[in-house]
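Please read the structure below before turning to the comments.
Please treat every number below as a calculation from the coordinates, not as lab data. Nothing here was measured: the structure is a model prediction, and the numbers come from that model. As a convention, Cβ positions derive from the backbone with ideal geometry for all residues, glycine included, and neighbour counts pool all protein chains shown.
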Amino acid sequence: MKVAFISGTSIVNSTLFAEWEARKIETKFGSVTYKTRGDHVLINRHGYAVPLPPHSINYRANLAALAGLGFENVVSLNSVGSLKKDLPPGTFVSCSDYVGLQQGPATFFDTELKGGAPGIANNLIPMLVAELAPEFMIQTGKIYVQMRGPRFETKAEIFIVKDWGDVIGMTAAHEADLCTETGLRYNSLALVDNYANGLEGTEIDFGRFKDLVKSNQARVNRLFARMLEILA
């Protein structure tokens with residue numbers, strides 16, 4: 001099955017994709033480097049040079065590249081913080097809706113009076129959830145709250161938004177908006193790497209966050225390996 005993947009730096013730099021061919025495509029929004037093998041491509045949303053922080057990612061170029069390469073289905077893996085005590089670190093979720101109020105959405109409609117109806121297609125999620133079980137149990141129907149970054153949210157901010165959704169991150173809402181505008185079907189997967197700042201008595205900093213992401217690397221590699229088998 002022809003499927004494009006979008007993920008973060010840790011998975012793209014893992015040995016799982018070491019032998020995939022690296023290519024570059026030019027779009028009207030900038031150039032995008034991607035890795036490819038067979039019917040699959042993989043984009044590192046943060047780029048392949050110095051990793052870009054979330055607010056500086058060229059989302060439009062990334063999604064325009066996938067559309068230009070002829071893809072229709074996109075599977076995204078995001079690192080998220082949990083806003084609920086019953087979604088501990090290590091939990092896999094799929095989000096079916098999102099909140100993105102802190103900044104305007106990324107859009108392709110700069111010069112046209114248009115605006116796509118937002119949404120997450122998740123057309124592949126039922127099949128992936130069924131095929132990945134029982135090795136991976138994915139909780140579906142969650143709500144993603146997007147914040148701007150690059151810093152983590154303050155405890156006061158988390159106190160305000162903790163009832164808005166289930167998980168919090170800095171990237172997925174932009175990707176979902178652009179997929180809708182360009183006709184791509186966006187499928188959401190996310191791994192909870194930490195409790196949000198102040199939740200469950202936690203303190204968070206970037207160094208600790210990177211350690212948490214690294215500790216989950218083997219499970220993420222295995223998840224991707226299984227998805228590649230399922231979507232072959």
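Structure summary
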| item | result |
| --- | --- |
| MET1 paired with LYS214, simple spin-label distance in nm, labels 7 Å along Cα-to-beta-carbon | 3.5 |
| Over region 24-147 - Rg/Rh using Cα atoms and the Kirkwood inverse-distance radius | 0.96 |
| Given LYS142/LYS162; LYS2/LYS114; LYS114/LYS162, the pairs whose alpha carbons are separated by over 20 Å | LYS2/LYS114; LYS114/LYS162 |
| J(HN,Hα) series, region 111-128, from Karplus relation 6.51 cos²θ - 1.76 cosθ + 1.60, nearest Hz, glycine and proline x | 10, 10, 7, 9, x, x, 5, x, x, 10, 5, 6, 5, 9, 5, x, 5, 5 |
| Per residue Cα convex hull volume in Å³ - calculated over region 160-201 | 87 |
| Per-residue [θ]222 nm for the chain (sum of -39500 (n - 2.57) over DSSP H runs n ≥ 4, rounded to 500) | -8000 deg cm²/dmol |
| Considering only the chain, percent of DSSP beta bridges that pair antiparallel, nearest 5 | 35 |
| Rounded, prolate or oblate (a/c below 1.5 giving rounded, otherwise prolate when a/b exceeds b/c) for region 94-197 by Cα gyration tensor | oblate |
| Set of aspartates and glutamates with alpha-carbon distance to LYS84 below 18 Å, sequence-local pairs under 8 removed | ASP97, GLU153, GLU157, ASP163, ASP166, ASP193, GLU200, GLU203 |
| Charge dipole magnitude, Cβ of K and R +1, D and E -1 - region 3-60, Cα centre, debye nearest 20 | 180 |
| For region 1-57, projected area of the alpha-carbon convex hull averaged over all directions, nm² | 4.3 |
| Cα-derived Rg to Rh of region 3-230, Kirkwood definition | 0.93 |
| Computed over the chain: relative contact order in percent, which uses C-alpha pairs under 8 Å that are six or more apart | 27 |
